[in-house]
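Inspection log for the structure reproduced underneath, given as structure tokens.
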Amino acid sequence: MVDEDEILKVSRLAYLEFKGDQQQAFIAQFRKILEYFAQIRNAPTGELPVHFSKASLILREDIPGKSLSPDEALANAPRREGTYFVAPKIRWARDTSQ
Amino acid sequence: MGIRELHRQFVEKRVSVSEVVRGYIDRIRKSRLNAYITVFEEEALECAKRVDDKIACGDKVGILEGIPVAVKDNICVKGYPTTCGSKILERFVPPYDATVVERLKQQGVIMLGKTNMDEFAMGSSNEYSYFGPTLNPIDEERVPGGSSGGSAAAVGAGEALVALGSDTGGSIRLPAAYCGVVGLKPTYGRVSRYGLVAFASSLDQIGPIAGEVEDVAILLQVIAGFDERDSTSLDAEVPNYLEEMQGEVSGWRIGLPKEYWGEGIDDAIKATVRDAVREWEKLGVRVKEISLPHTKYAIPTYYLIATAEASSNLARYDGIRYGLSCDGGTTQEVHVNTRTEGFGDEVKRRIMLGTFALKAGYKEEYYLKATQVRELIRGDFMKAFEEVDLMVTPTAPVLPFKLGERVKDPLAMYIVDVLTVGVNLAGLPAISIPYGEVEGLPVGVQIIGPFLGESKILRLAYALERVTR
């Protein structure tokens, strides 16, 4: 069974926070779902390759085309300054557990 | 009434486009179903008037001109909110049209508005919408199915003639079955995903929902086809679906995969779908039992792959570039506070499951194993299609359930998708058509086709519709 600390580590990786009773309820559900999912261990996959798209990387020709104006591209920005998105200073909290 | 009949009435001036659109908007405004998140009242009426003016001048109008269409709220329509049923995108207004919207607009349809859905298309009942659940038009105490529940309910209730939905694991077919309408999930790559808000990119596909098979074919004809803006779009010729669905089905071989007719599937649903199969047999179709032996792994495989892709796709909601933004002293705090406040419980659960499945130490056991099992499931379908032309199954294992019945038990909700997810894992097309009823509730019959087999699916569906209407 996946322990509580491991689940909380996953929540930090996903940039999500769970608190109090909500956290306990979530952990219980999470474990139940994982237990059910674990049945795929029994699937007889042998040496099958992992499935990825058969398509090769598809890029269009490098020709300038019509694109959004800076104003259109920034229209939904919560905070902007000129043609820039505004974000707080990038200062990560130290977390040695991940 | 279908598209063809409404078009005839417009052209013969028996009814005006404005009257029809006004009628739809009045029904939407008075409805208790909560099928729409946004209604484009002003623009819809303006567009209707333009089509009426054209008809008054004696100009030729196309078959889709003036036809009222609803669009699921994860498909971008320029200038209107695309919320995805989520608080985090409540105020997001896309600056461009999705390819499918662009193509429908070019045909002159009237967009009525954006329909309600499970948040980020993650759900099977429409109860996970931030904007409240949509009710089933046949029984308002029951769910309409999800995640395109708003689109299916709108068509079922006469709040739109036709609609667009999206299907990642059954999200067009299940609500179509629960609302007594027709819903088609095309082959992966047949319809452009450009402008569809991504949930699970290797599984998502846009498709039509309508009251009749012919209307589904008419919409598919317009939205199908190559699009250079979607790198997974198929560069394959689009057949004339309307012509190809007219032919005979005599001599066709239908497979009934035994795993889709076994334990856990409501007996009354199975009996009803078997009746539909008998109707096809009367038309000369040959029926045989087949096997898709890895079906039992479909739900965990689907949910591991879909959540892994979702955890990556939804990483873009960071509170910086668009969507909800909550305060925080650092960038990291802005990310965490925004996502914790903006996502609902089911979306958080799936992001967590996906992050776990991709995490070092678990990735091989969960995500990579699931991609291998996906190959087994795909192989089952490929092998079976060497023996049969199409497959027939029930669309849903249970009848439309009561609101609140499954919402607190995620696994019970996931299992509702047991008959639909395999098709997405294999990238195949499938339709749900209504046939009969049980306890006054509609039953959906699912027809699964081979790769790019939409024409065959439509022909078989149309053959049944002609017999039963």
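What follows draws every value from the coordinates through simple rules; no lab data is involved. Predicted model only: the values in this text are computed from it and were never measured. In this analysis, Cβ positions are derived from the backbone assuming ideal geometry, glycine residues included, and neighbour counts consider all displayed protein chains.
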The lone condition B:G354 fails out of (1) under 25 Å from A:K89 (Cβ atoms); (2) surrounded by 22 or more Cβ atoms within 10 Å (Cβ to Cβ); (3) more than 7 Å from every other protein chain (Cβ to nearest Cβ) is (1)
Do we have any residue at all in the stretch B:327-341 that's more than 9 Å from chain A (Cβ to nearest Cβ), buried (at least 17 other Cβ atoms within 10 Å of the Cβ) and under 17 Å from B:M122 (Cα atoms)?
no
Scan the helices (runs of 4 or more DSSP H) fully inside the stretch B:15-119 and keep the ones with 3 or more residues being under 18 Å from the mean Cα position of the chain (by Cα).
B:99-106
Tally the residues that are within 14 Å of the chain's Cα centre (by Cα) and not aliphatic (A, V, I, L, M), restricting the search to the stretch B:212-223.
0
Provide a single number: the residues in the stretch B:5-61 that are farther than 23 Å from B:D215 by Cβ and exposed (fewer than 13 other Cβ atoms within 10 Å of the Cβ).
9
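Which one of B:V407, B:V347, B:V392 is more than 8 Å from every other protein chain (Cβ to nearest Cβ) and under 16 Å from B:G169 (Cα atoms)?
Step by step, each of B:V407, B:V347, B:V392 is checked, and only B:V347 is more than 8 Å from every other protein chain (Cβ to nearest Cβ) and under 16 Å from B:G169 (Cα atoms).
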I need the full set of residues from the stretch B:288-326 which are in contact with a His (Cβ under 7 Å, 6 or more places away or on another chain) and buried (at least 23 other Cβ atoms within 10 Å of the Cβ), in order please.
B:G319
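Could you say which residue among B:K402, B:K369 is over 17 Å from the mean Cα position of the chain (by Cα) and either free of Cβ contacts under 8 Å to residues at least 40 places away in the same chain or within 14 Å of chain A (Cβ to nearest Cβ) (or both)? Spell out how you get there, then give the answer.
Details: B:K402 fails: either free of Cβ contacts under 8 Å to residues at least 40 places away in the same chain or within 14 Å of chain A (Cβ to nearest Cβ) (or both).
The conditions single out B:K369.
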Regarding B:G284, is this residue free of Cβ contacts under 8 Å to residues at least 40 places away in the same chain and either more than 9 Å from chain A (Cβ to nearest Cβ) or small (G, A, S) (or both)?
yes
Conditions (1) under 16 Å from B:P208 (Cα atoms); (2) within 14 Å of chain A (Cβ to nearest Cβ); (3) among the β-branched types (V, I, T) -> B:V69 fails only (2)
Please tell me if B:S202 is touching a His at 6+ places or on another chain (Cβ under 9 Å), over 25 Å from B:G436 (Cβ atoms) and within 14 Å of chain A (Cβ to nearest Cβ).
yes
Scan the stretch B:134-163 for residues that are under 16 Å from B:P410 (Cβ atoms) and of a type outside the set (G, A, S) and jot them down.
B:V143
If a residue must be surrounded by 13 or more Cβ atoms within 10 Å (Cβ to Cβ), out of contact with any helix residue (DSSP H, G or I) (no Cβ under 9 Å at 6 or more places or on another chain) and of a type in the set (D, E, K, R), how many such residues does the stretch A:7-50 contain?
1
Is it fair to say B:V249 is under 29 Å from B:Y96 (Cβ atoms) and of a type outside the set (F, W, Y)?
no
